[in-house]
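The values are calculated or read from the model by the stated rules, or taken from the named source; none is laboratory data. Keep in mind that what you see is a predicted model, and the values were worked out from it rather than measured. Note: ideal-geometry Cβ built from the backbone for every residue, glycine included; neighbour counts use all protein chains shown. The protein model used for the area step is the full one, side chains on, heavy atoms only, and it has no ligands, DNA or RNA in it. Shrake-Rupley method; radii C 1.70, N 1.55, O 1.52, S 1.80 Å.
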Amino acid sequence: MKAATHDLFKRIFAELQPPPDMTIAEWADKYQKLPTKTSSEPGQWRTSRVPYMREIMGAISDINTSKVVVMSAAQVAKTYALILNTIGYHIHYDPCPIIVVQPNVKPMAEAFSKEKLAPMLQTTPVLAGKVNEKSRNSGNTILHKEFPGGYVTIVGANSPVGLRSRSARVLLADEIDGYPPTAGKEGDPLLLASKRLTTFWNKKEVFISTPTVKGISRIEVEFENSTQEIWHVPCPDCGELQELEWAGVSFDKDNLNEINYICAKCGVVNSEVAWKERFTKGKFIPRFPDRKVRGFHLNSLASLLIEWQEIVEKFLLANDEKKKGNIEPLKVWTNTEMGQTWEEEGNEIEPSALYKRREKYNAEVPNEVLFLTAGVDTQDERFEIEVVGWGEEKESWGIQYKIIYGNLRQEQIWTDLHVFLNQVFTRADGTKLKISRACIDAGGHFFNEVCAFCKPRYPTVLPIRGKGGFDVPYIPRASKNNRANTPMFTLGVDTGKHTIYQSLQIEEEGANYCHFPKDKGRGYDEQYFKGLTSERMVLVYKRGKSQYVWKLKDGGFKRNEPLDCRNYALAALEISNATLKRESTEKPVANSRGRRKRGGFA
């Protein structure tokens, strides 16, 4: 009897004693199993495959650290290492309530539950049976799963109800740069979620994201207020620890079979293999070790899951697109491969640089021009007009910038505008061109007069109004809500300005490049270029929401009519939906610039 009682109490005390000290990385290396369907390397989890994650998982495990921030590239296994391993650790080893926040409920929160969490629960033996996957009661739904001692609730940052519905000890906030500025009308979703942890003395917040745009990136703000720990690896030659930076990558773009890295300390060049063999000896070095929030940064050069050749290939493709005026691929590459915020280009352009690159045309209209449009800005005592020629792939030529003065309440200035817009221009090959489409600003004091002028000339001459905000479509559908019953377009002018500034930065002739004439009398003087570049994009906050807007430069040129005219001329092109392709039976010949000179219309 005594022996039986002794055994009973021994088993009871064994159950009640605290578990041995174990980090999330140690738990994952011992218990976590990667599912076949969703993992490129199914089977036992190995932190050695992502050595940089060991210290981050250790920080999440540390009871003295209440907040961990990770700003990183996309392909570094952060979701599995930092979210799923943390969930598995707590379900099995340290039960507690957990909230996982995804950018939205559908599709991201539901996809996370179905495609990542559910397979882990089924594949990892120590988690099997902890959550009753077959039951669909209130304790087990797609977005809420209960287990002995706690639960996992998955919510969308766009759902105020989900963010305030439950308390938790652990908050796992994934891809926070994708969160909306506010959850409904209730405020910042991160702040709402963080409030659910206030009752726990041992709370834990983990914020994870690939960064986006500098100045409005949530993860950038969080990282800047942290220890700012950067992953360093030792040089294969001198052994000096250093951050892996894009500037150190050495490659021949014509032969990507061999990609090397140059040591910033000793200057010795070593192969990718040589560097990656030393990754297990890498470590995070903090810039501000005394701060309470642990913050970590990683780029894809540090990943053993991706080859450097793939990173370089993506860069070369993105850089080629940039030369064509498409900056988006390079922006994505910077965010997802380098784990860095993108600083918007095109905020400011020097007018003198554009003035100096003016060129002498060989005719009133160069042969490459296929289509003419005009943009008309309406002022109290004048019209300012630009005629723009468009070639293939939206390469443009400034043809004429004209100011017509007069009283807009009188008929004469409208007659002068009619004559100007109906003139015939001559191309170098003798072809006669007229303005195919013109857009006139009707947003000022002369709304009715502009509509009346445009109505008999529709659809060649269109009244437009500008509306700010990048959420406004550049070319919406026309409406007839005016006295003259004339189709009216409300342009998203901020989008147009951004497009123009991107084009002005292109330095190689071709797609989206902007040409300007040096010929006297065309109106392209220094004042024109000051007006064309008179604005810059700035970050402002409205009702707690950050956004970019266009404003006149501080202390700069105060007349922006040339920029508005170019914007309206571009809108005229987009409204026309012109296909700038020509057919030619002539063989192309090289001109003096080395470009291919094409023939006329077929």
For segment 210-225, which positions are small (Gly, Ala, Ser) and over 14 Å from Ser72 (Cα atoms)? Gly215
Just one of (1) assigned to a helix (DSSP H, G or I); (2) open to solvent by 50 Å² or more (accessible area, probe 1.4 Å) trips up Asn64, so point out which. (1)
Looking only at residues in segment 517-547 that are loosely packed, with under 12 Cβ neighbours inside 10 Å and assigned to a loop (DSSP other than H, G, I, E, B), which one is modelled with the highest pLDDT? Gly521
From Ala74, Ala25, grab the single residue that is assigned to a helix (DSSP H, G or I), closer than 29 Å to Lys114 by Cβ, out of contact with any Phe, Trp or Tyr (no Cβ under 8 Å at 6 or more places or on another chain) and small (Gly, Ala, Ser). Ala25
Return a yes/no flag: does segment 370-377 have any residue that is under 24 Å from Gln527 (Cα atoms), open to solvent by 20 Å² or more (accessible area, probe 1.4 Å) and out of contact with any His (no Cβ under 6 Å at 6 or more places or on another chain). no
Before we move on, is Ala571 modelled with pLDDT of 85 or more and assigned to a helix (DSSP H, G or I)? yes
With respect to Glu110, is the statement that it is touching a Lys or Arg at 6+ places or on another chain (Cβ under 9 Å), in a helix (DSSP H, G or I) and open to solvent by 20 Å² or more (accessible area, probe 1.4 Å) true? no
Name the helices (runs of 4 or more DSSP H) wholly inside segment 407-516 in which the number of residues that are open to solvent by 70 Å² or more (accessible area, probe 1.4 Å) is 1 or more. 411-421
Scope segment 163-173; condition in contact with a Pro (Cβ under 9 Å, 6 or more places away or on another chain), open to solvent by less than 10 Å² (accessible area, probe 1.4 Å) and more than 10 Å from Ile219 (Cβ to Cβ); matching residues: Leu163, Ala168, Val170
Can you give me the number of residues within segment 393-414 that are under 42 Å from the mean Cα position of the chain (by Cα) and in contact (Cβ under 8 Å) with a residue 24 or more places away in the chain? 11
Residues of segment 199-214 satisfying the condition of being surrounded by fewer than 15 Cβ atoms within 10 Å (Cβ to Cβ) and touching a residue at least 12 places away in the same chain (Cβ under 8 Å): Thr199, Asn202, Lys214
Out of the residues in segment 175-188 that are surrounded by 13 or more Cβ atoms within 10 Å (Cβ to Cβ) and modelled with pLDDT under 85, state the one that is farthest from the chain's Cα centre (by Cα). Glu186
Candidate set: segment 365-390, residues that are aromatic (Phe, Trp, Tyr) and modelled with pLDDT of 95 or more; chosen: the one farthest from Asp564 (Cα to Cα): Trp390
Pairs where the first residue, in segment 139-167, is within 14 Å of Ile87 (Cβ to Cβ) and the second is among the charged types (D, E, K, R) and open to solvent by 50 Å² or more (accessible area, probe 1.4 Å), C-beta under 7 Å, 6+ apart: Phe147/Lys130; Thr153/Arg166
Requiring at least 1 residues that are surrounded by 14 or more Cβ atoms within 10 Å (Cβ to Cβ) and touching a Cys at 6+ places or on another chain (Cβ under 8 Å), the strands (runs of 3 or more DSSP E) wholly within segment 244-350 are 269-271
How about segment 113-131: which of its residues are among the charged types (D, E, K, R) and either closer than 26 Å to Ile176 by Cβ or outside any loop (DSSP other than H, G, I, E, B) (or both)? Lys114, Glu115, Lys116
